[in-house]
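First up is the structure itself, then whatever we jot down about it.
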Amino acid sequence: MDFDDTPDEAAWRSRVRSFLEEHRDELGRRSDQRGFDDQAARRHQAVLYDGGLVGVTWPTDAGGQGGTPMQQAIVDQELARADVAGLINLIGIGMCGPTVIYHGSEDQKSRYLRRLLRAEDVWCQLFSEPASGSDLAALRTKAVRTEDGSWRISGQKVWTTLAHLADYGILLTRTDPDVAKHRGLTMFVVDMKAPGVTVRPLRQMSGGADFNEVFFDDVVVPDSERLGEVGDGWRVALTTLMSERLSLGGGGTEIGASATSVAEHVAAHLDGLPEGRRALVRQQLGRSYVGALANRYTGYRLLSKLSKGELPGPEASAGKLAGTQVARDLADLAVRVLGDDAAYAATADGSRSWQDLQAVLPGMAIAGGTNEVLRNIIGERVLGLPAEPRADKGITFKESLASARA
């Protein structure tokens, strides 16, 4: 690993830092997330885009900067250092936008991409469903072609982040149940304000409602809003999923709260604990701290590869899998040690109490693929372990449904 910036990277970092300092008063703060205002967040992202700090790796003809993944990583690091609020359209930039870039028509690219980068439109990803769990290809939301060539869509999605704020979404549907489940899928861009679209927020134990369930009742979507070919939706979805893994995999930063912040809060309360309990707390803190450092340096390995122009390996999936577990362990330790004080002891950026953070993190374990999905990816594609047996292999989706009912 090389922990130093190259001369070009150092110059880029200096430029990013100068811009953030110059526009500090125009940008939201991470430490003020309790007062979240989506309209203000859209304006903040527009400021960053106008400064060349959004869509860094996107091609210039798509409204991006044509930069490198390492430049994007430096922007992420400097935004965190400057306490700048996260981008409201992170899902659009990291998942939906790349899908439109690779599979959209020229008309779709011209209508959507620049507005997405400036947060004039917020996007969501409509994949997961109640009946299919982590088996995305088993989805049941159906799209039926009508006589005029448009599509009529019916079904339900769940765990859709930001659907309650989104203007558009990418929607994976089943267009042919008479072929194998991976082959009968088609992707669309859907207007989240269209007749027949109903969004219901899902209240989490943290009190927030970032996840949603979305219902489609005979929603009409023009064929011009199709992404890719009919029946080729699984290949299109893989573009989205690969982009998602990379955007969530980490690059030397920690998910949730920093280990240093937890150590500071816990250390301040150690003297007030019984001697026997103090030893147990130190042991748990040590284990979690080592785990956080391991995850951080795994992220540095990813950054080193990107800096050398190499493709990332399994670090993104491994980083997300390990990072959420370490974050949960650290937040749980802080809550158990601080007790009632955990409701008032803020994390390093001051954004929320330890109790809030502990309640949010189970949802983080779902985002970007459940732990089980990530373990399968690592086991099968990295370690070369045998794939799990599939009862639906070699049969149509309709036959697999009939078999499941029987």
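The values are calculated or read from the model by the stated rules, or taken from the named source; none is laboratory data. This is a predicted model, so every value here is computed, not measured. Neighbour counts are summed over all protein chains in view; Cβ atoms, including those assigned to glycine, are modelled from backbone coordinates with ideal geometry. Each accessible area value is taken on the protein alone, full model and side chains, heavy atoms only, with ligands, DNA and RNA left out. Shrake-Rupley method; radii C 1.70, N 1.55, O 1.52, S 1.80 Å.
Under a Cβ-only charge scheme (Lys and Arg +1, Asp and Glu -1), can you give me the dipole magnitude of region 167-243 about the Cα centre, in debye to the nearest 20?
Values: 8 positive and 12 negative charges, 61 e Å.
With only Lys, Arg, Asp and Glu charged at Cβ, the dipole is about 300 debye.
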* State in Å² the accessible area per residue of region 7-88; use a 1.4 Å probe, count heavy atoms of protein chains only, and round to the nearest integer. => 50 Å²
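Using DSSP loop states and a limit of at most 10 other Cβ atoms within 10 Å to flag chymotrypsin sites (Phe, Trp or Tyr not before Pro), what is the longest stretch of the chain containing no flagged site?
Working: sites that count: F3, Y344.
Free of exposed loop sites, the longest segment is 4-343.
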* **Mean Cα-pair separation over length for the chain, i.e. relative contact order, pairs under 8 Å, 6 or more apart, %** => 15 percent
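For the chain, compute the number of Lys pairs whose alpha carbons are separated by less than 13 Å, excluding pairs fewer than 8 positions apart on the same chain.
Values: K142/K157; K142/K181; K142/K398; K181/K393; K181/K398.
Close lysine pairs found across the chain: 5.
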* Structure fact -> Computed, not fitted: 222 nm per-residue ellipticity of the chain from DSSP H runs ≥ 4 (each -39500 (n - 2.57)), nearest 500, equal to -14000 deg cm²/dmol
* To do: Return one number: the angle in degrees, 0 to 90 and rounded to the nearest 10, between the long axis of the Cα atoms of helix 7-22 and the longest principal axis of the Cα atoms of the chain.
  => 90 degrees
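What percentage of the solvent-accessible surface of the chain, computed with a 1.4 Å probe over protein heavy atoms, is contributed by carbon and sulfur atoms?
Details: 10090 of 19840 Å².
After summing per-atom areas, the C and S share lands at 51 percent.
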* Got a sec? Charge dipole of the chain, +1 on Cβ for Lys and Arg, -1 for Asp and Glu; which of A137, P386, T370 is way out at the positive end? -> P386
* Asked: Hey, in the GNM for the chain with a 10 angstrom Cα cutoff, which one of R114, R174, R203 fluctuates hardest?
  -> R203
* May I ask which residue of G51, Y289, G94 lies farthest towards the positive end of the charge dipole of the chain, with charges of +1 (Lys, Arg) and -1 (Asp, Glu) on Cβ and the Cα centre as origin? => Y289
* To do: Post the alpha-carbon centroid distance, region 316-331 to region 171-203, in whole angstrom.
  => 30 Å
* What is the dipole size for region 7-88, taken about its Cα centre, with +1 at each Lys and Arg Cβ and -1 at each Asp and Glu Cβ, in debye to the nearest 20? -> 180 debye
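For the chain, which span is the longest to avoid every loop-located (per DSSP) member of GluC sites (Glu not before Pro) having at most 11 other Cβ atoms inside 10 Å? The partial results should precede the final answer.
Numbers: sites that count: E147, E310.
My reading of the result: 148-309 is the longest stretch.
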* If you put +1 on each Lys and Arg Cβ and -1 on each Asp and Glu Cβ, how big is the dipole of the chain around its Cα centre, in Debye rounded to 20? -> 840 debye
